[in-house]
Amino acid sequence: MQITEIYKSLQGESTHAGLPCVFVRLTGCNLRCSWCDSEYTFQGGRRMTASEVMNEVRRLMATPGLVEITGGEPMLQERELLPLMDLLLAAGYRVLLETSGERPLTRVPAEVIKIVDVKCPDSGEGETFALENLNALQPHDEMKFVIASRADYEFAREFSRQHDLSRRVTAVLFSPAFRKDATGARDSSHCLLDPQQLAEWMLEDDLPARLGMQLHKFIWDPAVKGV
Ligand code: SF4
């Protein structure tokens, strides 16, 4: 498969935020989100077999812990990715899969925790989530919405309610979008939507959702990659 980078850092998002995690970042994406901070994954990378990726994961984290498969859109390389997931699970790693849910998720092993990033309208990629994937969700999965405006918030709120997401998955995450060229200050000044505003909307609506911040962007310079 084509790999952009493999590195160890702290998990920055989801209910696993704060835990040490090895990130396996696959090359290529079929979407072009307006605020994408991973455009460097669209091209390049290097070819690696599943066992070469396993060796690198083991080198970085000898005692099996958390591994996140991300991109780009990792499910574009499903044929080679599924055997890697099986190897990681067999070796005892907890595997997270970050995906937009645009590709089918039915063949992902049940033990893999899917973090599905449903695109909101301001991303420019709204309506790309494949609704059939709701049937592939497991109780341990998480659904995420990256929110840049009131319109995005209302989309996420209505989608969550309509599909009863808080009953289907372990967490529904609402995250303020970050400016893609953010650099310097490690604070919320780079958010396209003030987190305080988002928090107040969530409280007003009594939403069974969790405010998610990208922890790594408050620890390291937001422009730094590989953290
Ligand atoms: S799906 Fe992810 S990697 Fe692809 S354009 Fe959107 S934010 Fe970037």
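Can you pull out the cysteines in the chain that have no other Cys Cβ under 4.7 Å?
CYS21, CYS29, CYS120, CYS191 - these cysteines have no disulfide-compatible partner (Cβ-Cβ under 4.7 Å) in the chain.
Work out from phi, with θ = phi - 60° and the Karplus expression 6.51 cos²θ - 1.76 cosθ + 1.60, the ³J(HN,Hα) of each residue of the stretch 83-93, listed in order in whole Hz, and give x for Gly and Pro.
Using θ = phi - 60°, the values come out as x, 5, 4, 4, 4, 4, 5, 5, 7, x, 6 Hz.
Roll a 1.4 Å probe over the protein chains and send me the accessible area per residue for the chain in Å².
45
Take the chain, connect every pair of alpha-carbon atoms lying under 10 Å apart with a spring to form a Gaussian network, then pick out the residue of SER188, SER166, SER34 with the largest mean-square fluctuation.
The residue that fluctuates most here is SER34.
Note down the nm distance, to one decimal, between modelled labels 7 Å out along Cα→Cβ at VAL224 and at ALA91.
With each label placed 7 Å out from Cα toward Cβ, I get 2.6 nm.
Probe radius 1.4 Å, ligands and nucleic acids ignored: give me the carbon and sulfur share of the accessible area of the stretch 146-186 as a rounded percent.
41
Taking only pairs that are 8 or more places apart or on different chains, how many Lys pairs in the chain have Cα atoms under 16 angstrom apart?
8
Can you bin the stretch 112-156 into rounded, prolate or oblate? Criterion: square roots of the alpha carbon gyration tensor eigenvalues sorted a ≥ b ≥ c, rounded for a/c under 1.5, prolate for a/b above b/c, oblate for the rest.
Verdict is prolate for the stretch 112-156.
So which trypsin sites (Lys or Arg not before Pro) in the stretch 46-124 end up in coil per DSSP with only 11 or fewer other C-beta atoms within 10 Å?
none
Classify the stretch 87-227 from the C-alpha gyration tensor, please: rounded if a/c falls under 1.5, else prolate or oblate depending on whether a/b exceeds b/c.
It comes out oblate by the Cα gyration axes.
In deg cm²/dmol and to the nearest 500, what is the mean residue ellipticity at 222 nm of the chain if only DSSP H runs of at least 4 residues count, each as -39500 (n - 2.57), divided by the residue total? Please report the intermediate quantities before stating the final value.
Details: 6 runs with 55 residues, N = 227.
For the chain, the value works out to -7000 deg cm²/dmol.
Quick one: dipole size for the chain, taken about the Cα centre, charges +1 on Lys/Arg Cβ and -1 on Asp/Glu Cβ, in debye to the nearest 20.
So the dipole magnitude of the chain works out to roughly 720 debye.
The values are calculated or read from the model by the stated rules, or taken from the named source; none is laboratory data. Because the structure is a prediction, the values reported are computed rather than measured. Here Cβ is always computed from backbone atoms with ideal geometry, including for glycine, and neighbour counts include all displayed protein chains. Heavy atoms of the whole protein, side chains included, go into the accessibility calculation; ligands, DNA and RNA do not. Shrake-Rupley method; radii C 1.70, N 1.55, O 1.52, S 1.80 Å.
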